[in-house]
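The values are calculated or read from the model by the stated rules, or taken from the named source; none is laboratory data. Given the structure is predicted, the values throughout are model-derived calculations rather than measurements. As a convention, Cβ positions derive from the backbone with ideal geometry for all residues, glycine included, and neighbour counts pool all protein chains shown.
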Amino acid sequence: MRAADFIVASLKAHGVKRVYCVPGESYLALLDALYHSGIDVIICRHEGGAGFMAVAEARMTGVPGVVLVSRGPGATNVSIAVHMAEQDAVPLIVMIGQVARDEKYRFVFQEMDYAAVFGSFAKGVFELSDASRLPEMLPRSFRLATEGVPGPVILPLPEDMLRDEIGEAEAFTYPLPNLGASAAHIDQLQEMILQAERPLLIAGGVLRGEKGADALAKFASAQRVPVALTWKNQDVFDNGSDLYAGHLDFGTLPAQREILSKADLIIAAGTRLGDVASLSYTLPQAPHPTQTLVHIYPDGQPIGRVTRADFGLIANPTDVLAALANSTRVAPAARERWISSVHAATLSAQKFVSPEPSDGVDFGRVTMALAKLAPPNAIVTTDAGNMSTWVHRHWLLTPRNLLLGGIVGAMGYGVPAAVAASLNAPNRTVICFVGDGGVLMTGQELATAMAFGASPKIVISDNGIYGTIRSHQEKNFAGRVSGTNLVNPDFAAWATSFGAHSFSLKMGDDIEKIVSEFLNSSGAAVLHVKSSAFALSARGTL
């Protein structure tokens with residue numbers, strides 16, 4: 001068995017069904033080993049897009065996404081996805097073709113020191129130069145990517161090592177250790193919840209998936225505790241519930257912030273409680289909260305790192321919430337007044353008011369039409385930018401949906417994520433929200449969609465500006481527009497050139513009619529919206 005063949009066997013043992021790649025001569029033996037292996041090889045058009053697809057698949061499945069890239073330029077191109085995986089706590093395995101072992105340290109063509117390049121934002125960088133160590137290092141790498149705070153692991157593979165013979169080695173896995181809270185911990189938490197008049201649960205990405213969402217819903221109902229969702233994790237709880245306390249992001253409205261700050265107990269479950277999830281470290285207040293803080297996470301590293309926690313628990317939050325959901329003790333009657341006030345603030349934030357722009361289509365209206373007409377189990381992917389704010393504020397997502405958005409705020413994620421989502425869930429409608437800036441960063445992955453039969457529905461907000469940066473520019477240097485105007489192609493014609501269906505929306509068009517035709521089209525489709533720059537976001541106008 002060649003080392004390359006063993007790597008493929010190990011990938012299969014770890015449940016990997018597909019890998020994303022841009023091919024390179026530095027890992028030809030691995031590509032050969034994948035030939036007729038049963039693992040799908042998704043050939044992408046840019047390493048950044050390939051990495052984004054692997055990250056999206058990992059968010060969907062919980063299994064580390066795998067991306068293969070060549071050395072040097074290929075490795076540096078994929079670094080944006082590595083950064084996203086680190087910031088978003090997503091398990092990712094990056095295999096990089098490396099120069100041959102006898103060429104190391106000679107400054108040969110495309111040689112790089114990957115420990116130096118990725119060391120500051122990867123969980124581990126292991127150059128696998130000894131084929132006999134593969135049975136140990138591959139399961140170690142997969143375990144490291146998934147344990148505790150998930151993240152990226154980088155595996156440079158010297159091209160000559162891939163051809164080494166290693167005999168009939170066994171491909172095995174390293175199971176994760178069991179985490180759990182004792183009965184005494186559950187009783188203590190239950191007592192804290194019962195004593196609280198105004199409890200609030202902040203739910204994070206660890207609760208993604210059917211089990212986590214089910215435990216969260218049952219906990220909230222049994223304990224009568226409002227649930228606020230961290231950025232881009234809006235789909236883990238029913239946004240139409242009377243216990244929904246809103247989506248915590250950069251644009252959370254002042255009135256909603258004020259009511260949530262009145263909580264007397266905050267339970268942070270499945271979130272690292274970083275700057276966005278805590279509304280810039282104000283909910284709870286850092287370093288010493290005004291509320292009692294309970295922090296539940298499967299790794300001790302984030303607990304108490306920035307904000308003091310009164311009760312920290314290293315455990316799987318799904319198991320903890322499921323145990324608390326079985327309680328038969330009744331919440332105090334005063335709790336309902338708190339729930340009512342939180343719900344009123346949430347409903348107020350969800351109201352849609354159009355500024356009636358005259359310079360293009362109100363993209364908020366387009367989002368509302370998509371939310372109304374999309375299947376109830378639609379998958380939604382969002383790129384970075386203002387066009388996603390309407391999704392977060394007005395689309396009442398539920399756990400039947402799946403929201404794939406980059407917490408790190410990287411432009412270019414939306415289209416590759418939609419391609420990966422469509423490949424992973426071919427029977428579900430996948431809707432991508434992307435701006436004119438992001439779509440020209442990785443929109444060429446529409447070619448990947450066409451090549452592999454994916455059918456994403458891509459909605460492009462074309463307002464001719466880098467909108468988020470422009471909004472900051474107007475706040476700080478009003479009227480001095482520099483570096484934020486864009487000149488765009490005809491995106492409908494662009495989509496047609498790939499073989500996708502194309503639709504256009506301009507001022508005066510029947511929005512619901514065109515959106516309906518777009519959603520009902522077969523295969524991949526693009527909706528080009530000539531949107532208003534003035535009606536910039538759900539948070540306000542330019």
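Some values worked out for this structure:
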| item | result |
| --- | --- |
| Qualifying residue in segment 443-457 (condition: within 23 Å of E356 (Cβ to Cβ) and surrounded by 15 or more Cβ atoms within 10 Å (Cβ to Cβ)) | no |
| Long-range neighbours under 7 Å by Cβ, at least six apart or interchain, first residue more than 17 Å from V149 (Cα to Cα) within segment 78-90, second at pLDDT 95 or above and assigned to a helix (DSSP H, G or I) | V78/E47; V78/G48; V78/A50; V78/G51; I80/G48; I80/G51 |
| S348 surrounded by 11 or more Cβ atoms within 10 Å (Cβ to Cβ), among the polar types (S, T, N, Q) and over 30 Å from M507 (Cβ atoms) | no |
| Per-region count, segment 284-315, residues of a type outside the set (F, W, Y), surrounded by fewer than 18 Cβ atoms within 10 Å (Cβ to Cβ) and assigned to a strand (DSSP E or B) | 3 |
| Among the candidates P152, P135, P156, P139, residue that is under 15 Å from Y114 (Cα atoms) and out of contact with any Pro (no Cβ under 9 Å at 6 or more places or on another chain) | P156 |
| First in segment 140-151 and over 14 Å from P177 (Cα atoms), second anywhere and hydrophobic (A, V, I, L, M, F, W, C) and part of a helix (DSSP H, G or I), Cβ under 7 Å, 6 or more apart | G151/A85; G151/A145 |
| Counted residues, segment 487-506 - those being in a loop (DSSP other than H, G, I, E, B) and in contact with a strand residue (DSSP E or B) (Cβ under 6 Å, 6 or more places away or on another chain) | 1 |
| All positions within segment 507-532 that are surrounded by fewer than 18 Cβ atoms within 10 Å (Cβ to Cβ) and part of a loop (DSSP other than H, G, I, E, B) | M507, G508, D509, D510, S521, S522, G523 |
| Output for segment 66-89, where each listed residue is in contact with a strand residue (DSSP E or B) (Cβ under 6 Å, 6 or more places away or on another chain) and within 18 Å of P23 (Cβ to Cβ) | V66, V67, L68, V69, S70, R71, A75, V78 |
| In segment 106-154, residue farthest from E168 (Cα to Cα) [restricted to those that are part of a helix (DSSP H, G or I) and small (G, A, S)] | A116 |
